[in-house]
Structure formats: C-alpha cells, structure tokens
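The structure under discussion appears below in the form of structure tokens.
Laboratory data are not the source of any read-out in this text; all were calculated from the coordinates shown. What you see is a predicted model, and the numbers here were worked out from it, not measured in a lab. So basically every Cβ, Gly included, is an ideal-geometry build from the backbone, and we count neighbours across all protein chains shown.
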Amino acid sequence: MTATAAPATSAITAPAPSPSDNQPPLRRRRNPSLHGTLSKVIIALIVIVQVYPLAWLFITSLRTELDFATGDPFALPKAITFDNYARAFETGNLGMNILNSFIVTMGANLLIVLLGMMAAYAIQVLGFRFSRFVRGLFLIGIIVPVQIALVPLFIDYAAINLLDTYPSMIIPLAGFALPMSIYLFCSFFEYIPRETYEAASLDGAGPYRIFGLITLPLSVNTVVTVVLVNSIFIWNDFIFANTFVLSEELKTIPLGLQNYIGAMGKTDWTATFAAVCITITPLLLVFLVLNKAMIQGLESGGTKG
C-alpha cells in the first residue's frame, strides 16, 4: 500500500503593504530663494526712489511758505493750502508755457512718427541697395550730442529768419529723435511676415496702399511707444528752447519756470513746486493711461496684430 503524498505547492506571498504606502507623498516645503528675496528688495527700493520725489514734491506744494521756510522741509506739512497753485499762475505765464510745450511736443512727435515710420518702411520692408548701411548711419545719430548743433543751427536760423518760432524748436527735436524711432520701427517691421506683403502685392496693392492698410494699423502700439518715449524729453527740453526762443510769448515750461526766481536770486519755492506739479501732471496722466500700449509696443510682433 502506497501512500500518495500531496504535492507541495510553493505559494509566493507578497509582503503586506505598510500603512505608509497608502499615504500620499509629502510635498516639500519651498523656502523662498535668496534670489527671489533680493529681487523683491531691489524692486521695492527702485519704486521708493522713483515715487518718493514725486510724493515729496506734491506734499511740499501744499505747504505754506512760512512752514517750508522755518520748518523741516522733509516733514509733513502743519497746514495744507492751495494758495501756492493760485500764486503759480500769478507769478508766471504758466498757461502760455504749457500751451507752447504742447504745440512743440505734438509738432515734433508728428514729424518723428511720419518720417521715422516711412524711413523704416523703406529700409526694412521695401529694401534697396545699401539699406543696411543707411540704417547704420541713422543709428550713429544716437551717439551724436545735441550741443554740437546749437551754433550752426543758430546761424542758419538767423540767416533765414527762423529764430524765435515754433519750427526752430520742433525741427532739431524731431531730427535728434529720429535715429531711435527708426530703430524701434525697423525692429517691429522685422516681425511682420513677408507673406502678408506678398499676398497684398498679388491682390494688386502698391507700396503706398500696403503701408496705409497693413503696416500702419499693425504699428499702433509701436507709435504709442515712440510718442511716449520722445514726449518725455521734448516736454522737458531746455537747451533748444533756451537757445532759439527770444520772446516771452514762445517760452516753454522749462523756460517759464525761471520766472519764479525773483530779484537777488530769491525763489518762491512753494509756488515753484506747485508749478512743477501742474506741468508734470498731463504727461504723467498720459503715461499712466497708455503704459500698457507702450509695453505691448516693445514686446509684440507683427504676428500678434
């Protein structure tokens, strides 16, 4: 009698799962990096440096003349008054100065946009022989100081009776701003696809029609950028206005602020600060309204038009 033994089955048993396997992995806590902290600190310092002078200027324009003369000029005002703003208009011809600056700024910007855009369109889009060389010549104009043109321009203006006129300020301001404007327009036109111009040409559009219907609408943000960048310098221009303007009727804001300096160098500081606040307010408001368009003009390309 033979006994048959049951075959031994080798069962492979998996290890029992530990309680920690069912738990989700713990997320590592991200500590703020030193680079990020330093960046925030630097940005905060830059904002303080830029905003504090404007805030101090506005606060000082509301102080009384006695409080500013006898107290701490950097302390908060003991009393607030708006008489400084009234005295600012009485002391100088502030309204006429603002109007003159507005005319000069708008006239120079009109020339800068028209001439700069057309020059960039001819150089970058149409193209011609030695176009890159011509572009380089324009870029050299960025490093040319404006002081070297004062004496020749004064002699030429005197010969053609152009002294003490709006064009005597508009022409050099537009001329010295053209190199940077042409560079900005050329940089933007590089991103407009060539297929866009080729399709328009196949439809029978000529260079002028392509410029008016395609290039100009796509360049709105770049135009805003060029106008804002140049307006800051034109609005605050002193050297050309001081050289070519001889009468009180054509004085711009930087020249008009000299009227607040009285006899023996006595200056009505609170009225001067009020006048400065009035003169920078229009440009500041325009910049705050159009700053997004300005940023888009620096970053966007033709494919986003």
Can you name the residue in the stretch 178-219 that is assigned to a helix (DSSP H, G or I) and of a type in the set (Asp, Glu) and, of all such residues, is surrounded by the most Cβ atoms within 10 Å (Cβ to Cβ)?
GLU198
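Residue-wise test of (1) loosely packed, with under 13 Cβ neighbours inside 10 Å; (2) farther than 30 Å from TYR191 by Cβ.
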{"position": "VAL41", "(1), (2)": "yes, yes"}
{"position": "GLN50", "(1), (2)": "yes, yes"}
{"position": "THR60", "(1), (2)": "no, yes"}
{"position": "ASP72", "(1), (2)": "yes, yes"}
{"position": "PHE82", "(1), (2)": "yes, yes"}
{"position": "GLY92", "(1), (2)": "no, yes"}
{"position": "ILE103", "(1), (2)": "no, yes"}
{"position": "MET117", "(1), (2)": "no, no"}
{"position": "GLY136", "(1), (2)": "yes, no"}
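Among the helices (runs of 4 or more DSSP H) lying completely within the stretch 71-145, list those that include at least 2 residues that are free of Cβ contacts under 8 Å to residues at least 40 places away in the same chain and under 30 Å from VAL220 (Cβ atoms). So that I can check it myself, show each step before the final result.
Numbers: elements: 83-91, 94-120, 131-140.
The helices (runs of 4 or more DSSP H) meeting that bar are 94-120, 131-140.
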